[in-house]
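The values are calculated or read from the model by the stated rules, or taken from the named source; none is laboratory data. Small disclaimer: the values here were computed from a predicted structure and weren't measured. Cβ placement follows ideal geometry from the backbone for every residue including glycine, while neighbour counts extend to all protein chains displayed.
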Amino acid sequence: MLFTAIPTKGQFYRGSYQTFGKNRVQYDPKQWEHIDFEHFNVYFYGAGRNLAVYSSQSAKRNLKQLESFFDYRLQGKVYMLVFNNLQEFRASNIGLEHTEEQNIGGKIQIQGNKIFVYYDGDHSHLDKQIRENIARVLFFQMGYGQDWKEVIKNSALLTIPDWYSEGLVSYAASPWNVEVDDRVRDIILNEEFEKFNHRTGEDAKNIGHAMWHYIAQIYGEDVIPNIVYMSKISRNIENGFLYVLGVPLETLIKEARAYYQQRYDYDEKVRTLPRSEPLDIKNRRNRIYQKFTTNKSGDMAAYVTNKAGQQRVYLYDIENDKRKKILKIGHRLDRIPELTYPLIEWHPTENILTAIYRKKGEIILGMYDVEEKEWDKRELRQLDKVLSFNYSPTGKELVFSAVSEAQTDLYLYKMLTQSQVRLTNDLFADLEPSFTADSSGIVFTSNRPTDTIGSIRGKKERRIENVQIMPTYDVFRYDYQTENEVLTRITDTPEFTEEQPYSTKGGQYIYLSPKSGIMNRYIASRDSAISRIDTTIHYRYFTNSKPLTNYKRNIIHHDINPEANQVLDLLQYENKYKFYITPLENLSALNKLKGSAFNEENKQQKENEELPERIVVQKVEVIEEEEEKEREVDINNYRFESDKQQENQKDADSTQTKVADNGREPLKNSRFIELKKAPTPRNGSGKPGDSIKIPIAEIYRPAFLANDLTIQLDWNFANNLYQRFNGGPYIAPGLGTVAKTDVIDLMEDYIFEGGVRYAINGNNTEFFARFANRRKRLDKELLFQRQTTTQEVQAFTLQKTIIHKASVIGKYPFSEVAGLKATASYRNDQNVIQATDANSLREEDQYDHWGGFKLEYIYDNTRPLGLNLMQGTRLKVFGEMYNEFSADQGDFYVVGTDIRHYIKIHRNLIWANRLSGSTSFGSRKLVYYLGSINNWISGDDMFNFNNNVARNQGYYFQTIATPMRGFIQNARNGNSFALFNSEIRWPIFQYLISKPIKSDFLKHFQITGFGDIGTAWTGTDPYSDENAFNTREVTNGGSSVKVKLKNQIDPLVGGVGFGLRTKALGYFIKMDYAWGIENGQLKDPRPFFSLGLDF
């Protein structure tokens, strides 16, 4: 495996500032290619050519629809990166960023026209990603502009919440669907709709989706572009609603809630929940529950949870109400979750739970023996991903739906020989297979237009542009033992998708369908009727289907356990997952279900949409011996009547005046006028006529683009180096302007970063350049730094130090959250005494040369909860050594650690803790001044000269140990320090106010309560007599006699207090008020004003 890691820099060069970061676990580097179309450059690798072509066709269709929706023309080309699966996307460097504790003013992300999509085995999911990404690009261009200068200006002035942006993107991609309807229904009926400010992630997106849907239903879709436009020019999203709709946002939210409340109240009265009581499985918030199943005796259940990407499998003893975790995979990270794995199924004859999951890049088939409590694991090879599986009734075979070479097919796996056979091999997606009761067939869902699996095996049909992929999935049966290439079509519903099919012993089929607007269970049976009689009797076959449930919520997952006579349902109701077990005999067919409010609302629209045609190869049963010779259907050479009409229309249009820009109708840039737009279906369906000429693929060569820009005022250097020892104080470089930017290639494998700092006083300047190559397992990085500092080395003597440092860095992560980093460096210091008199003028420059090596272990699994708010743990353990290339041959060693743990108390109220410590040794040492805070802005004295700093310890460099609030620098000092900090961070307005907060000042306003305790010392321990703070020199007037006094003071000092934090003028501002504690006594309070994040 190959790994890439995020840059980390700095030990205790400047107090508590550290840079942590997460990693990407990379596999073999991809050989990218690209196909360039008019509006899209599509990038792919390996076997992803068909996915790239499919994505380009889908993008072309959806771009036209979305441009019409936004009333906005796409500016520039879109770069689309197509990954063969989610795992390979996760292994890429896309989106990998380092933490920005030192970036007090934030940064502007220059979001270009780059999007990424991945294939998860389902083409409809790929279509959805494409629609959402194109909608996001158009929305970003509308709101922030295309030119980088416009982006910078608008990013600084316009703040858009997630519910607004992600909700609009979701609505534009799919105005309404059963999944959104189900979640909004639950939010509305639980009276949580108006708590906009408390919703994050998917809930925020769903609430925003519902808001835009309400606006479209009441005011019309045409007003939506106007709202976005007015929000942009007024720099306020609330003004956008007010100016266009004439309604304040707060009123609009209440009206939307009442609108949905009325819709759902009636539905609740006419629908039910399962008859049985749900199992007493405790729900944990922010967890997704999946794949509920029981063993052959029905007394043991298994289910899967997913929290922030960490997957777990639990066993649940139904009779004793006990659960046990038997499998845990992955880490909790803020990323796209993998909701496919782990897959679970019980063995039909043994008390064994089988799980399929991915670990360290391998697909594992594990069998857990409940009695022995042991795992038997084997690797599944030649597959990229397994989407679902099912046991045969004997338990000797498995059927997979799996992805291989970017193609989703069915596979038969034999348990005894551990071998697999490919059952289907075409470009259509075959999903959710299950064996029939007698093992003679396999029931599955597919987006194929034909009922023949052998019809696209020619070379021409291996290219996706020559076949038709349907936007929905139907249920099919495949009699694989007879190798009959003609499938049995169970359902034929081009307007919606059936899911999770099973067959019964009576030859019927059970599946889930959103036909009524809510995902319910249906039962279907095959029947026949005489179609015509000539020399033989010809039959036509059809399916009778009836609903079995009429639930209030979608069935997320269901399972049929005939051995235990059980039907299992997993629903999400009242914001909790409910697990139901119903006796199989209780299933009874219902009358036709009344459509939900959502279903009725969309009925007319679906009737107006043109449905894609299907090709059906009819299976005919012959009664008499004499067989009629039927005319074969050549599916490779056909033309629909609608295509002929389109061609005729095209010929007629060609005589008219051509429209500019390759025939695309120019969009109106109109505002506040009624736009006349015909309804356009927003889905990924397409007819063969939608295919476009495919250009020749070219090899990808790195192309670079600007990524982000930081311009801010700061009181510190952008990069950190140890400061030369001067006996105190530690000198900050003063107010200056920092500007830095970076450019990256499309794959984000290569980074060029550069920056400069210019001090207001002209003395302390800096510039740096960095190049990173993250393409292979060992990340390489080159860093060059130049700093200029000026400090007073003795009375009326100034010394200017010019530092040049070059570093070579290598990084090797062990996992997504842990890694090792090594740095070899060379440092050159030029020390120049500034000429203030004749003696200083004669002073020669002094040059110091240092070679160094540093090794760091970094762990970081934190997840953001807001600005300066997070959850999780991150730590760094490091060691560094330096050797001086001079006659003195000085050496210098440092070891230390920094451990931070953030606990979420409730919502975004957190408890942050930090333990740090370090020591230096060698002929040259580093002195730590304990006290004060980072980036402290103060006009008062910042250094305690009363505490002695030993001059006999070989100190060569100096730094501060912070935060120790209540004290200025040098409360304690020494070549070692230890410090513990703890604070409560409470974003009070976010926590208490449920409505949207438009002010950044109020949104990020935090109240903190904190406590610090620590010490710095010389010698073996803080209580050693060698400590300089235990000795004080006293001089009597002009006498040459000096008296040394033994203090024997407590080496530990502490501080308690409270603080305020907020964001103002783009900067994160901190105000602390602290009481120092020394020798058990509370000192006078001291205020601290600073800029910075975290501790």
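Odds and ends about this structure:
- Annotation: Glu792 fulfils all but one of (1) within 27 Å of Leu713 (Cβ to Cβ); (2) in contact with a helix residue (DSSP H, G or I) (Cβ under 9 Å, 6 or more places away or on another chain); (3) loosely packed, with under 14 Cβ neighbours inside 10 Å; the unmet one is (2).
- Close pairs (6 angstrom Cβ cut-off, 6 or more residues apart or separate chains): assigned by TED's automatic domain parsing to the domain that holds Leu778 and within 27 Å of Arg770 (Cβ to Cβ) in region 819-836, polar (S, T, N, Q) and part of a loop (DSSP other than H, G, I, E, B) anywhere: Lys821/Thr8
- Checking each residue in region 948-957 for being out of contact with any Gly (no Cβ under 9 Å at 6 or more places or on another chain) and either assigned to a strand (DSSP E or B) or crowded, with 23+ Cβ neighbours inside 10 Å (or both) picks out only Phe957.
- Of all the listed residues (Pro1022, Pro1085), the sole one being more than 29 Å from Leu865 (Cα to Cα) and at pLDDT 90 or above is Pro1085.
- Residue in region 952-963 that is of a type in the set (Ser, Thr, Tyr), over 40 Å from the mean Cα position of the chain (by Cα) and more than 30 Å from Lys195 (Cα to Cα) present: yes
- Selection count where residues are more than 30 Å from Met881 (Cα to Cα), of a type in the set (A, V, I, L, M, F, W, C), more than 31 Å from the chain's Cα centre (by Cα) and buried (at least 17 other Cβ atoms within 10 Å of the Cβ), scope region 729-764: 1
- Within region 899-919, not a single residue is at pLDDT below 90, outside any strand (DSSP E or B), in contact with a Gly (Cβ under 8 Å, 6 or more places away or on another chain) and farther than 20 Å from Gly1092 by Cα.
- Subset tally (residues that are closer than 30 Å to Asn520 by Cβ, touching a Ser or Thr at 6+ places or on another chain (Cβ under 8 Å) and not polar (S, T, N, Q)) for region 232-276: 3
- Members of region 308-356 that are in contact with a His (Cβ under 8 Å, 6 or more places away or on another chain) and crowded, with 21+ Cβ neighbours inside 10 Å: Leu353, Thr354
- If you go through region 711-728 and keep only what is assigned to a loop (DSSP other than H, G, I, E, B), modelled with pLDDT of 75 or more and crowded, with 22+ Cβ neighbours inside 10 Å, you end up with just Tyr722.
- Flag for Asp492 being modelled with pLDDT under 90, charged (D, E, K, R) and at negative phi: no
- Residues of region 208-238 classified as farther than 20 Å from Val180 by Cβ, among the polar types (S, T, N, Q) and more than 28 Å from the chain's Cα centre (by Cα), total: 2
- So Arg448, is it outside any loop (DSSP other than H, G, I, E, B), buried (at least 16 other Cβ atoms within 10 Å of the Cβ) and of a type in the set (D, E, K, R): no
- Residue satisfying all of: in region 157-202; part of a helix (DSSP H, G or I) and over 24 Å from the mean Cα position of the chain (by Cα); surrounded by the fewest Cβ atoms within 10 Å (Cβ to Cβ) among these: Leu157
- If you go through region 238-264 and keep only what is over 13 Å from Ile215 (Cβ atoms) and either in the same structural domain as Ile997 (by TED's automatic domain parsing) or in contact (Cβ under 8 Å) with a residue 40 or more places away in the chain (or both), you end up with Glu238, Glu250, Lys254, Arg257, Gln261, Arg263, Tyr264.
- In region 974-994, the residues that are surrounded by 16 or more Cβ atoms within 10 Å (Cβ to Cβ) and at pLDDT 95 or above reach residues that are of a type in the set (Asp, Glu) and in a strand (DSSP E or B) with C-beta atoms within less than 6 angstrom, at least six apart or across chains, in these pairs: Asn981/Asp1012.
- In region 1047-1066, the residue that is modelled with the highest pLDDT out of those that are of a type outside the set (Val, Ile, Thr) and assigned to a loop (DSSP other than H, G, I, E, B) is Leu1052.
A quick yes/no check of all residues on (1) in contact with a Ser or Thr (Cβ under 9 Å, 6 or more places away or on another chain); (2) surrounded by fewer than 20 Cβ atoms within 10 Å (Cβ to Cβ):
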position	(1), (2)
Asp479	yes, yes
Thr488	no, yes
Thr493	yes, yes
Tyr502	yes, no
Ser513	yes, no
Gly517	yes, no
Arg521	yes, no
Ser525	yes, yes
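- Condition check for Glu792: of a type in the set (D, E, K, R) and more than 30 Å from Gly330 (Cβ to Cβ): yes
- Residue tally, condition surrounded by 19 or more Cβ atoms within 10 Å (Cβ to Cβ) and either assigned to a loop (DSSP other than H, G, I, E, B) or modelled with pLDDT under 85 (or both), over region 203-234: 1
To keep it simple, each residue is scored yes or no on (1) over 29 Å from Leu721 (Cα atoms); (2) part of a loop (DSSP other than H, G, I, E, B); (3) outside the structural domain of Phe1095 (by TED's automatic domain parsing).
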{"position": "Thr959", "(1), (2), (3)": "no, no, no"}
{"position": "Gly966", "(1), (2), (3)": "no, yes, no"}
{"position": "Asn973", "(1), (2), (3)": "no, no, no"}
{"position": "Ala978", "(1), (2), (3)": "no, no, no"}
{"position": "Pro996", "(1), (2), (3)": "yes, yes, no"}
{"position": "Gly1009", "(1), (2), (3)": "yes, no, no"}
{"position": "Gly1014", "(1), (2), (3)": "no, no, no"}
{"position": "Gly1019", "(1), (2), (3)": "no, yes, no"}
{"position": "Pro1022", "(1), (2), (3)": "no, yes, no"}
